[in-house]
Each structure stands twice: as structure tokens, then as C-alpha cells.
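Asker: One structure follows; several queries about it will come next.
The values are calculated or read from the model by the stated rules, or taken from the named source; none is laboratory data. Please read all numbers here as calculations on a predicted model, not as lab measurements. Note that each Cβ is placed from the backbone with ideal geometry, even for glycine, and that neighbours are counted across all protein chains shown.
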Amino acid sequence: MKGRWNGTPLLALAVVATAASADEMTLETEHQTLRLATVAEDLERPWGVAILPGGLYMVSERSGQIQSFYNDERQTVEGLPGIHVENQGGLLDIAASPDYADTGWIYFTYSSGDADSTATALARGRLAGDRLTDVEELFEQNRRSEPGPHSGSRLAWMDDDSLLMSVGDRGSPERAQDTNDHAGSILRLNPQGLAPEDNPRFEDVGYLPEIYSWGHRHVLGLAVDRSRGDVWAVEARGNGHDELLLIRSGENHGWPEGDDSDEAAGADLLDDIASGELFTDEEVIEPAYRFSSDVSPSGLAVVDSEHYPQWQGNLLVGGLENGQIYRFEVNGDEVLEMEELLEEPLGPVRDIRQSPEGYLYALIGDENGTLYRLEPEE
């Protein structure tokens, strides 16, 4: 299945990555040349990265640790709450508060529970040396389930300092269409983990107040375009149906009945959805782009930095399955161009972020992960 677009055909380019040194490679992209510089290595199942002002990096490892890096020194951060690591569950995303300089809050998501049942949860704490202090759990999804696939999760801050948090369908597709269940949705929370009263479905009967959008399988990339106010997400739909989504608040994004994969077809929605009703095609938001092969997209950044003048407003997306990094030029929900940045994969791409200083970072790998910085060549 090919991606949907209006107008200009998509341009897919394989861009050569040449070795410059053991710690640096060069990317010859369509618009500019980049150096892929190594920032941190030897990461165990990395999931997310938070880049803090002043050159401090915090990397979450799904196996249950946070690693911090500053001036080439590495520390394992202690003081995390109980985390159940199993299958795709464990320590998940990490993000600094927009007012980090004043409050010191670090937010993170993880699997809370035990071998019998887990839920995706949100907590925060303050970094003091090699330890988190003042740790408090802010939110836990309302329905626990057996540890398994699609725990999520990604975090993204909006301009009003509300926090978006994705939760996967936990391996049960029908849950993504149950709006009394947090699974299979993107949530919007205030900094204390509560639902803001201006959430799109806050007062609607049959909807949890935290829900921002639903009908999601497994959102592993989430970013806000601050200049346009757009929310973008990528999610793995399986069987070559992976999607780039322009999120519509208060709307259904179609998983599973908007998808014809085997997993979706096997869901007995009439019996399992609490409302007992199916949504019509007219009520499902179509993706901006559908990948034509298995990508398992993970990591998403909106580029608005002066370091990348030819990429303003573009999106960078990583691929877990194929180890590729994609650049999308977009106009609203229209994809104008798509460029593949790597000729040879470096490993599964876990996360892509833009730092406060405006540089782009890619977190790549599994048992032996690496954090790279994409530096424009002068």
C-alpha cells in the first residue's frame, strides 16, 4: 500500500553514509552535508533520550536504568520506582519539563506492576548527582493487563505546557476503540498528571477525560510543531501499513477497523468495545502517509533549528525494523517529499530528538546502542 499525498510526487533518495573516523560519519543528503558524531555508546536496549541545557544527556534503557552523560562522564541514575521489565514493557520514554531550569523536573514513562499485570505509568523526579529525588507517580492507565506487547510510550510537550503521552493497545486491538480505556490512545495531561479541563472530550459521556485521540496501535514517535501547532505521530500498524499521522484532537485514528492487516481483521469489535458500536469510515482520520514496507517507525522530531536551514518544518522519522532515517517535507497533512538519509542501516532507530541548542540526535541500537548527533558541515 502506498502513501497518500496530494500533488507533488514523493522523492525517495538513498543518501550515502561514508566513514570519516571511528566516531564520525558523513551523510550526503539532498540539501546539506551532515556529520554523524558519536555522543554516547554501550547503551543497553535504549528507548528514549532527553537532552538538557548545558550538555547533559539522559538516556532511558528499557531494561530499567537511566544513564546520564556529561563532559564524557557516565553515571547510572538510581532512585527509580519499581519497574516491571518483560516483553516490550520496562522503562520507556523520558523528557525534561519545559521549565526544567526552574523546577528540575524529569518526566518518564514505564511499566508499573508485576508478572501478573502491568499498566503504563507516568512519573517525575529531580536529578541530584547520580540519583532521582522527589519521585512521584503522576498517572497510571486505568486498566491493567498481562505484561506483553505495545506498552508504548512517547512523551511530547505542547506550547501550553500540557504533556502528550501515548499508550499502546497492549496487544488487544479492540481496546483502541474503547474510549473508556486508556489503551490505544494519546493522552493529554497537565504537569501534575491530571486531565486539563479543555481536553477535547473532557465532558463527553463515554470518554475518559485524559483522551486526546484514540484508535492507535503503538505510537512510538510523537512531536509538536510549535510554529504551526500541529501534533505529529508515527505508529507501527504491521504488514507494511505503518503510518505517519497528523493528529486531530478528539478524533478516531482508525486502529483497528481502518486497517486490513491480519491482526486488525481478527479483532471482534462488536463484542469487545464497551459502546457496542463501530465507527464509520467518515469518522476515521486518514494518515498523512503510509509506508509501503515494514518500517516499525520509532522516534520523531520536527526540525525548526537554524542549524538546518533547508529542513525548516520538516519531520525526521526513524525505523526500528529497517534502521532507516526518513526526512519528510510536509504542508499541513500533505507530504511533498520523502528522503531516506542512510544508504546502510546503523541499527534499529529508537528515538530522534532536537535539543534545546537546536541539534538533532538519533538514538540507535539494541543491546549495544549509540547516541549520535547530526552536525551540519560548515
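Asker: When the stretch 83-129 is examined, which residues are found to be in contact with a helix residue (DSSP H, G or I) (Cβ under 9 Å, 6 or more places away or on another chain) and in a helix (DSSP H, G or I)?
Answerer: none
Asker: Continuing with this model, one more query. Based on what the data block shows, is Gly3 assigned to a loop (DSSP other than H, G, I, E, B), loosely packed, with under 15 Cβ neighbours inside 10 Å and at pLDDT below 95?
Answerer: So Gly3 fails the test.
Asker: Only one residue in Tyr70, Tyr57 is of a type in the set (Phe, Trp, Tyr) and under 28 Å from Asp160 (Cβ atoms), so which one is that?
Answerer: Tyr57
Asker: Another question, if that's okay. Exactly one of (1) within 20 Å of the chain's Cα centre (by Cα); (2) surrounded by fewer than 17 Cβ atoms within 10 Å (Cβ to Cβ); (3) aliphatic (A, V, I, L, M) is unmet by Leu56. Its number?
Answerer: Against the list (1) within 20 Å of the chain's Cα centre (by Cα); (2) surrounded by fewer than 17 Cβ atoms within 10 Å (Cβ to Cβ); (3) aliphatic (A, V, I, L, M), Leu56 comes up short only on (1).
Asker: Now for a different question. From the residues in the stretch 330-346 that are crowded, with 20+ Cβ neighbours inside 10 Å and within 23 Å of Ile364 (Cβ to Cβ), which one is modelled with the lowest pLDDT?
Answerer: Only one residue fits best here, namely Leu342.
Asker: Which members of the stretch 167-200 meet the condition of being more than 18 Å from His150 (Cα to Cα) and either at pLDDT below 95 or buried (at least 21 other Cβ atoms within 10 Å of the Cβ) (or both)?
Answerer: Arg188, Leu189, Asn199, listed by residue number.
Asker: Now, a different point. Given the criteria under 15 Å from the mean Cα position of the chain (by Cα) and more than 23 Å from Leu91 (Cβ to Cβ), does Ile325 qualify?
Answerer: Taking the combined requirement at face value, the residue satisfies it.
Asker: Tell me, which residue of the stretch 93-125 that is of a type in the set (Asp, Glu) and without any contact (Cβ under 8 Å) to a residue 60 or more places away in the chain is nearest to Leu52 (Cα to Cα)?
Answerer: Of the stretch 93-125, the ones of a type in the set (Asp, Glu) are 93, 99, 102, 114, 116.
If we keep only those that are without any contact (Cβ under 8 Å) to a residue 60 or more places away in the chain as well, we get 102, 114, 116.
Values: Asp102: 13, Asp114: 32, Asp116: 36 Å.
Residue satisfying both the conditions and the ranking: Asp102.
Asker: Restricted to the stretch 97-119, and to residues that are of a type in the set (A, V, I, L, M, F, W, C) and buried (at least 19 other Cβ atoms within 10 Å of the Cβ), which residue is nearest to the chain's Cα centre (by Cα)?
Answerer: Phe108
Asker: Between a first residue in the stretch 73-92 that is at negative phi and a second residue that is polar (S, T, N, Q) and not in a strand (DSSP E or B), which pairs have beta carbons less than 8 Å apart while being 6 or more apart in sequence or on different chains?
Answerer: Pairs that qualify, where the first residue is at negative phi and the partner is polar (S, T, N, Q) and not in a strand (DSSP E or B), are Val85/Ser63; Gln88/Ser151; Gly89/Ser151; Leu91/Ser63; Leu92/Ser151; Leu92/Ser153.
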